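See structure below.
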Amino acid sequence: MLKEGKWKYQSYRTEPGAGATPPTVVFWSPPGKGEVNIVSGGTTGVLKFTGTPIELALEIEDVAGDPEAVSITAKMKLPGNEYFTNVLLGWKIPDKLNTGNPDVVRGSILLTSNDIVPTNPQPIYTCGFFILEKL
């Protein structure tokens, strides 16, 4: 399970290139504004973005493997019994070199509903990557 407490969150996606231009990586979540609070023994949490009304409920499950992985469902109820949802699969990056790095989870994120971002909304099934870092 993820350790209870506060984590820093950031996600990224690619902006498609045109023709021979390769895609570029851009911030998907607001830069530096994502904070996760993990509770209930590491099985649930809340992802908030400061300065926005976005608050996602998280359901977290461990996935066996080496390195160990976590599956996270993120959702926020919208008007009219609709939900904004994302599915994340991340790997707990072990500190095998004993560098004292904080707990880190890196992985992929998939948008599984219509986007709620008013500017430049992404289509359903857009995918990207995320980083969670224990504060």
- [ ] Look at the stretch 89-118 and say how many of its residues are of a type in the set (Val, Ile, Thr) and within 10 Å of the chain's Cα centre (by Cα).
- [x] 2
Task: Flag for Phe130 being out of contact with any Asp or Glu (no Cβ under 7 Å at 6 or more places or on another chain), surrounded by 14 or more Cβ atoms within 10 Å (Cβ to Cβ), in contact (Cβ under 8 Å) with a residue 60 or more places away in the chain and at negative phi - done: yes
Task: Number of the exception - Val46 against (1) assigned to a strand (DSSP E or B); (2) out of contact with any Lys or Arg (no Cβ under 9 Å at 6 or more places or on another chain); (3) closer than 23 Å to Ile124 by Cβ - done: (3)
TODO: Considering (1) within 18 Å of Gly5 (Cα to Cα); (2) modelled with pLDDT under 95, say which one Glu59 fails and leave the rest.
DONE: (2)
- [ ] Go through the stretch 1-28 and give me each residue that's of a type outside the set (Asp, Glu), assigned to a loop (DSSP other than H, G, I, E, B) and without any contact (Cβ under 8 Å) to a residue 40 or more places away in the chain.
- [x] Pro16, Gly17, Ala18, Gly19, Ala20, Thr21, Pro22, Pro23
- [ ] Could you give me the residue pairs with C-beta distances under 6 Å whose first residue belongs to the stretch 74-96 and is over 19 Å from Ile54 (Cβ atoms) and modelled with pLDDT under 90, whose second residue is among the β-branched types (Val, Ile, Thr) and crowded, with 16+ Cβ neighbours inside 10 Å wherever it lies, and which are 6+ apart or on separate chains?
- [x] Ile93/Val104
Task: Scan of the stretch 15-39 for residues that are surrounded by 11 or more Cβ atoms within 10 Å (Cβ to Cβ), among the polar types (S, T, N, Q) and farther than 14 Å from Leu88 by Cβ, ordered by number - done: Asn37
Task: Considering residues of the stretch 75-88 that are among the polar types (S, T, N, Q) and either under 12 Å from Leu56 (Cβ atoms) or in a strand (DSSP E or B) (or both) only, the residue nearest to the chain's Cα centre (by Cα) - done: Asn86
Task: Of all residues in the stretch 97-135 being modelled with pLDDT under 90 and hydroxyl-bearing (Ser, Thr, Tyr), the one that is nearest to Lys3 (Cα to Cα) - done: Thr99
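The values are calculated or read from the model by the stated rules, or taken from the named source; none is laboratory data. Only a predicted model underlies this, so the values are computations on that prediction, with no experimental measurement involved. Using ideal geometry, Cβ is built from the backbone for each residue, glycine included, and neighbour counts are taken over all protein chains shown.
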